[in-house]
Structures are given as C-alpha cells and as structure tokens.
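Q: One structure follows; several queries about it will come next.
Quick note: the coordinates plus some simple rules give every number you see, no bench work behind them. Bear in mind that the values here come from a model prediction, so they are computed numbers and not experimental data. Methodologically, a virtual Cβ is constructed for each residue, glycine included, from the backbone with ideal geometry; neighbour enumeration extends over all protein chains shown.
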Amino acid sequence: MSKKKEDSFKIIADNRKARYAYAIGETLEVGIMLMGSEVKSLRSGKTTIGESYAHAKDGELWLVNSYIPEYLQANRMNHEPKRTRKLLVHKREAARLSAAIQREGMTLIPLKLYFNAKGKAKLEIGVAKGKKLHDKRETEKNRDWERDKARLMRAKG
C-alpha cells in the first residue's frame, strides 16, 4: 500500500486482540451493508468488533456480533446495535472464503473497520486459525526479545 493510500482512510474500530489470539493467514477488504443510522453512528467512533466474526450462509458472508451503537438523532428509524450485517464480496470470493472456513479450526475474523478514501465503510477480514496457549506465549516471547534487541542496538549505536 502506498503512503498516499494509507493516509486516506480513517480507522473506526481495530481488533487488536485478533493478532494475539489467532494466526492470521490472508486478509481481504470487503464492503459492509449498513443502514443510514449505522453510518452516522460509525462516524462517532464508538463501534466495537472485538467479539465479532463472519460466517457463510447460502453463499453469502455475514458479520455476527459486531456492536454499532444506536444513533440518538435517528429516533424510530434507528437500527438494532448487534444485528447481523451482510458483507459485500464477489460470489467467487465468498465461495473461496466459505471453503476456507470449512477446514478445521479456520474462521473469519474482522481486523479493522474503516472509511476508505471515497468515504465508504470497509471491513478488513482475515482467515485465521486459533492459537493455543503455548503459541501465544511463544509470540509474546519473540515480541519481547525483538523489543529488547532494538533497545540494546539503540544503546550501543
């Protein structure tokens, strides 16, 4: 991704726990079907995708358990905060991703929710496999070592 593209989107929600709890394989940018009050609520930035996941049903992908709070000014035209939302992908990609999650231990985890340069809400999902406790410890140990190594190099040089 070029520097110009990287600066042009605004991150709404970030799932930082996902990289700790899951080994992320490939990632994919998908659209998300939202109501008007949901888009307004997203702009306030109080959305959470930490406990959400995506699943395949009838050849379509759905985002489950994501929390977008109600937009107070919408009154009766408001949305349900934890409803399932359709993910917008091509049929061929949906079929490939649903085949990937049929394999043992694989799941679709949302990593980031953001507005792109055109102002459209996008979701970055990753095909992930759950880590065991010893894998999490190994990852943390490597991260600590890299941090200490960088600190030592700065002190010497």
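Q: How would you classify the range 102-157 from its alpha-carbon gyration tensor, with a ≥ b ≥ c the square roots of the eigenvalues: rounded for a/c under 1.5, else prolate if a/b is greater than b/c, otherwise oblate? Numbers along the way, then the final one.
A: Working: a/c = 5.33, a/b = 1.41, b/c = 3.79.
In terms of gyration-tensor shape, oblate.
Q: With viscosity set to 1.002 mPa s and temperature to 20 °C, compute the Stokes-Einstein D of the chain, Rh being the Kirkwood radius across alpha carbon pairs; µm²/s, no decimals. Each step should come with its number before you reach the end.
A: Details: Rh = 17.4 Å.
Translational D for this selection: 123 µm²/s.
Q: Something else now. Mind ranking 15-22, 124-131, 142-149, 76-83 by how tightly packed they are, going by the mean number of other C-beta atoms within 10 angstrom, highest first?
A: Order by mean packing, descending: 124-131, 15-22, 76-83, 142-149.
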